[in-house]
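Everything below concerns the one structure shown next.
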Amino acid sequence: MLLKWNVGITRRCQQLVTMTGLLLLTMNSAAVSQSGASKAGLTLTEAERIALAVDEGVKQFSAQSRMIEQESIAAASWMDPKLSIGTMNLPGNDLDPLNQGMVEFKVEQMLPRGSSNDIQKRQLTLKKEAMDAAATNRKLSVQRDVRLAWLDAWYWQQALVELKAERNLYESLVTVTASMYSQGKKSQQDVYNAKVTLSRLDDQTLSFSSSHGQSLAVLGRWLGETMVTRVGSDLSALPGVQHQPAVKASFDHPLIQVAERAIAQAEQGVALAREQFKPQFGIEFAYGREQGDMAMMGGDDNRNKYSLMVMMDLPLFTADRQDRQLLASQYRKEAALAMRQDLLRQLTGQLNAEFARYRGLSQRIDHYSNSLLPDVESQAQAALNAYQSDAQDFNSVIQSYRTLLDTRLAFKRLQADIRQSLARIDYLMPGSNY
């Protein structure tokens with residue numbers, strides 16, 4: 001009798017210890033998640049700084065801008081003068097230029113057609129400004145894409161932390177179920193269900209680990225030689241985003257600035273085409289010195305000869321050239337205007353859609369924080385308490401905690417999604433306070 005009493009006491013103590021451990025794991029699962037995520041990792045600010053420093057696209061646009069700046073200086077210069085040296089009036093019976101004829105030196109300088117040089121310089125200056133705007137857009141797009149990649153990596157990392165904490169709980173459930181089965185309080189099917197549930201959780205962990213690795217690879221694409229194994233756990237606070245007319249904000253976007261410069265370049269192209277109707281002038285200065293018999297015929301004082309001429313081309317037949325070039329430049333301007341309008345509509349549509357997405361995500365986060373997540377946590381705790389009292393079956397407990405895990409993962413996804421939406425808004429409205 002005493003032996004049986006001791007065995008009963010021992011089993012009760014084992015069950016009490018197991019249940020107590022299970023409760024502690026349940027209460028501290030969030031703390032486990034936080035402690036696991038508190039290890040240092042690559043912060044978002046560091047990732048943006050590294051990406052902008054090593055991005056070759058920004059360097060490419062900067063080099064092109066400097067190249068065009070030098071071309072604009074060259075475009076404002078006159079054409080190089082032409083120098084001609086030759087002999088003239090050689091007789092057929094004596095081809096020696098020192099004995100007969102005239103030695104001539106001639107310099108020719110063509111002047112720009114109207115204001116064409118100044119117009120070409122303005123065109124290239126506008127092209128440089130467009131390239132600078134394109135470089136700014138590249139920086140913004142790199143910043144946006146780095147944020148999107150970093151937040152994806154953050155989500156999968158946090159999801160793995162949640163799964164690790166959940167696995168500790170499931171292992172305790174397997175232990176408790178096996179202990180209660182040995183006491184005859186649970187069936188062998190419950191033990192198998194617990195093991196299968198734990199195995200399925202391990203499979204989900206493997207799947208999430210693969211997704212985490214892929215997200216780090218996408219992030220690493222922007223970081224050059226920097227190796228990333230984990231990211232930081234801290235997220236920035238969410239600002240209050242208010243909806244306002246998107247068109248006004250989108251006009252400040254670098255892509256619109258590029259389109260604006262393209263329109264201005266087209267306008268200068270029209271002006272340049274009009275300059276082609278003006279004559280182009282040139283100046284020619286010549287010096288000649290008579291040789292041999294020709295010099296003796298006029299006397300030594302008359303051997304040096306000078307001439308000065310003004311040249312001018314006459315654009316008389318303009319129907320198939322100048323007129324066509326002018327029409328082409330006007331069509332080019334129309335195309336640039338249409339392209340800017342289409343781009344503005346695209347950015348406006350994207351911005352309005354992103355504002356709507358952000359508001360929806362914000363409402364869902366409030367719902368999760370204030371209602372859904374606390375309710376699911378209470379439901380899971382109640383199911384566990386009932387299971388400990390042998391008033392609830394194992395499947396109900398697993399289903400409750402599975403719902404809790406899915407809800408926590410969905411909440412983490414929402415936290416990443418709303419910041420990704422904010423990253424897109426930052427790209428579409430650079431420098432705006434919303």
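The values are calculated or read from the model by the stated rules, or taken from the named source; none is laboratory data. Just so it is clear, the model here is predicted, and its values are computed rather than measured. Quick reminder, even Gly has a Cβ in these numbers, built from the backbone with ideal geometry, and neighbours come from all protein chains shown.
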Given region 1-88, what helices (runs of 4 or more DSSP H) lie entirely inside it while holding 3 or more residues that are modelled with pLDDT of 85 or more and under 43 Å from the mean Cα position of the chain (by Cα)? 44-54, 56-75
Quick one: count up the residues across region 182-209 that are modelled with pLDDT under 80, within 16 Å of GLN392 (Cβ to Cβ) and of a type in the set (Ser, Thr, Tyr). 1
Output the number of the condition that PRO112 fails; it satisfies all remaining conditions of (1) assigned to a helix (DSSP H, G or I); (2) within 30 Å of SER72 (Cα to Cα). (1)
Filtering region 328-365 down to residues that are free of Cβ contacts under 8 Å to residues at least 60 places away in the same chain and among the hydroxyl-bearing types (Ser, Thr, Tyr) yields TYR331
With respect to ALA133, determine if the residue is among the hydrophobic types (A, V, I, L, M, F, W, C), in contact with a Pro (Cβ under 6 Å, 6 or more places away or on another chain) and buried (at least 20 other Cβ atoms within 10 Å of the Cβ). yes
Sort out which residues of region 299-341 are of a type in the set (Asp, Glu), assigned to a helix (DSSP H, G or I) and surrounded by 11 or more Cβ atoms within 10 Å (Cβ to Cβ), and write them in order of number. ASP323, GLU334
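Under the condition of being assigned to a loop (DSSP other than H, G, I, E, B) and aliphatic (A, V, I, L, M), which residue from region 217-232 is modelled with the highest pLDDT?
Let us first name the residues in region 217-232 that are assigned to a loop (DSSP other than H, G, I, E, B), namely 221-230, 232.
Of the ones still in play, those that are also aliphatic (A, V, I, L, M) are 223, 227-228.
Working: LEU223: 91, MET227: 86, VAL228: 87.
The qualifying residue modelled with the highest pLDDT is LEU223.
Could you say which residue among LYS121, LYS106 is among the charged types (D, E, K, R) and not assigned by TED's automatic domain parsing to the domain that holds LEU384? Show your work before the answer.
Numbers: LYS121 fails: not assigned by TED's automatic domain parsing to the domain that holds LEU384.
Answer to the check: LYS106.
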